[in-house]
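Colleague: First the structure, which I've put down as structure tokens, then a few questions once you've had a look.
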Amino acid sequence: MLNFVLCDDNKIILDRLSKVLESLFIKHNLDAEVSFTSIDPLSTLEYVKSNTVTAIFLDIDLKSNISGLDLASKIREIDNKVYIIFTSAHLEYILIAYKYKTFDFIPKPITSERLEETIIRIINDIKDYKIKTKFIRLSNRNTIINQDSVKYIKKDGMKLVFYTDTRKYETYSSFAKISNELPPNFIRCHKSYIANVDKITDIDTNNNLVFFDSKNNSSCYIGPKYKNKLMEVFNYDGNNTNNLDSIDHTK
């Protein structure tokens, strides 16, 4: 599921923007929702830290000591993939706004037609990104791995170890770099592990483990810092051991 976040100091604008977005999701048959809205930049930042967010719409003048530009800067420190869209009547900030890898700048007052253009661009960009990033090229060898075959990636000292359906591959590369290059179905679940959520079959919260096959022979750890974000992906129900066979992994 695609999760959208809205932050604006005007509650009326927040409510209207949320309703228009939800109607556009229905119109375009998108598996998406407005998962969080707030007039407070700090609560918005905390939500982004602990949840998987696809796109965030930010007002620039938030009537706070933290502006939308400040908030975008802090968000970029923790998430390099989220789509940032500024909404503001202050057109003089357009050039500055794009400093934060901004996807779009929508002038206020916002029209539903202009908003729809942005949503369509986001969806097309996600589709293009999935096509372009279908394969991973290892940096120290002429080896290309199909992303669909990767269960999880482990940081082992200076090396990265890719565990796939058939074997493991080792390469020397930056963990942070590979994290930013992978598509949204790869989630950081531990300081030393990235999991492909499409491959997860079970979650054991007693032992903080995720499993990648029905016999539970392939697994990696869940770190406390990353647990909420991983659980949110599966709408986790709180059981100690969760079988994920019935979960729609496209969400």
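Colleague: Do you know which residues across the range 17-41 are in a helix (DSSP H, G or I), surrounded by 15 or more Cβ atoms within 10 Å (Cβ to Cβ) and either among the aliphatic types (A, V, I, L, M) or out of contact with any strand residue (DSSP E or B) (no Cβ under 7 Å at 6 or more places or on another chain) (or both)?
Modeller: L17, V20, L21, L24
Colleague: Restricting to the range 95-115, what's the tally of residues that are over 21 Å from the mean Cα position of the chain (by Cα) and closer than 17 Å to E33 by Cα?
Modeller: Total meeting the criteria: 1.
Colleague: Looking at the range 206-217, which of the residues that are within 15 Å of D165 (Cβ to Cβ) and surrounded by fewer than 17 Cβ atoms within 10 Å (Cβ to Cβ) is modelled with the highest pLDDT?
Modeller: So, considering only residues that are within 15 Å of D165 (Cβ to Cβ) and surrounded by fewer than 17 Cβ atoms within 10 Å (Cβ to Cβ), the one modelled with the highest pLDDT is D213.
Colleague: Against the definition (modelled with pLDDT of 90 or more, in a helix (DSSP H, G or I) and within 22 Å of the chain's Cα centre (by Cα)), how does E92 come out, yes or no?
Modeller: In short, no.
Colleague: Next question. Give just the number: which of (1) touching a Leu at 6+ places or on another chain (Cβ under 7 Å); (2) modelled with pLDDT under 90; (3) closer than 30 Å to D125 by Cα does N185 not satisfy?
Modeller: Against the list (1) touching a Leu at 6+ places or on another chain (Cβ under 7 Å); (2) modelled with pLDDT under 90; (3) closer than 30 Å to D125 by Cα, N185 comes up short only on (1).
Condition check ((1) without any contact (Cβ under 8 Å) to a residue 60 or more places away in the chain; (2) surrounded by 13 or more Cβ atoms within 10 Å (Cβ to Cβ); (3) closer than 25 Å to D128 by Cα; (4) aliphatic (A, V, I, L, M)) across all residues:
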site: T171; (1), (2), (3), (4): yes, yes, no, no
site: S174; (1), (2), (3), (4): yes, yes, yes, no
site: R188; (1), (2), (3), (4): yes, yes, yes, no
site: S192; (1), (2), (3), (4): yes, yes, no, no
site: I200; (1), (2), (3), (4): yes, yes, yes, yes
site: D204; (1), (2), (3), (4): yes, yes, no, no
site: K227; (1), (2), (3), (4): yes, yes, no, no
site: L230; (1), (2), (3), (4): yes, yes, yes, yes
site: V233; (1), (2), (3), (4): no, yes, yes, yes
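Colleague: Something else now. Consider T111 carefully, then state whether it is loosely packed, with under 13 Cβ neighbours inside 10 Å and among the β-branched types (V, I, T).
Modeller: yes
Colleague: Does the range 193-230 hold any residues that are farther than 15 Å from K151 by Cβ, part of a loop (DSSP other than H, G, I, E, B) and polar (S, T, N, Q), and which are they?
Modeller: Kept after step one, since they are farther than 15 Å from K151 by Cβ, are these residues of the range 193-230: 204-208, 223-229.
Checking which are part of a loop (DSSP other than H, G, I, E, B) leaves us with 205-208, 223.
Scanning the range 193-230 gives T205, N206, N207, N208.
Colleague: Here are some residues: V82, V34. Which one is touching a residue at least 12 places away in the same chain (Cβ under 8 Å) and within 16 Å of D104 (Cβ to Cβ)?
Modeller: On the way: V34 fails: within 16 Å of D104 (Cβ to Cβ).
Residue meeting the stated conditions: V82.
Colleague: Criterion first (within 30 Å of K227 (Cβ to Cβ) and surrounded by fewer than 14 Cβ atoms within 10 Å (Cβ to Cβ)) does D125 satisfy it?
Modeller: Taking the combined requirement at face value, the residue satisfies it.
Colleague: May I pose another question? Within the range 1-38, can you find the residues that are under 18 Å from the mean Cα position of the chain (by Cα) and charged (D, E, K, R)?
Modeller: D31, E33, listed by residue number.
Colleague: Cβ-Cβ under 6 Å, sequence separation 6+ or interchain: first residue in the range 38-57 and in the same structural domain as F86 (by TED's automatic domain parsing) and under 15 Å from Y83 (Cα atoms), partner modelled with pLDDT of 95 or more and of a type in the set (D, E, K, R). Which pairs?
Modeller: L45/K74
Colleague: Just wondering, is there one or more residues in the range 124-133 that are within 25 Å of P184 (Cβ to Cβ) and touching a strand residue (DSSP E or B) at 6+ places or on another chain (Cβ under 7 Å)?
Modeller: Checking the range 124-133: not a single residue is within 25 Å of P184 (Cβ to Cβ) and touching a strand residue (DSSP E or B) at 6+ places or on another chain (Cβ under 7 Å).
The values are calculated or read from the model by the stated rules, or taken from the named source; none is laboratory data. Predicted model, so just to flag it, every value in this text is computed and none were measured. So basically every Cβ, Gly included, is an ideal-geometry build from the backbone, and we count neighbours across all protein chains shown.
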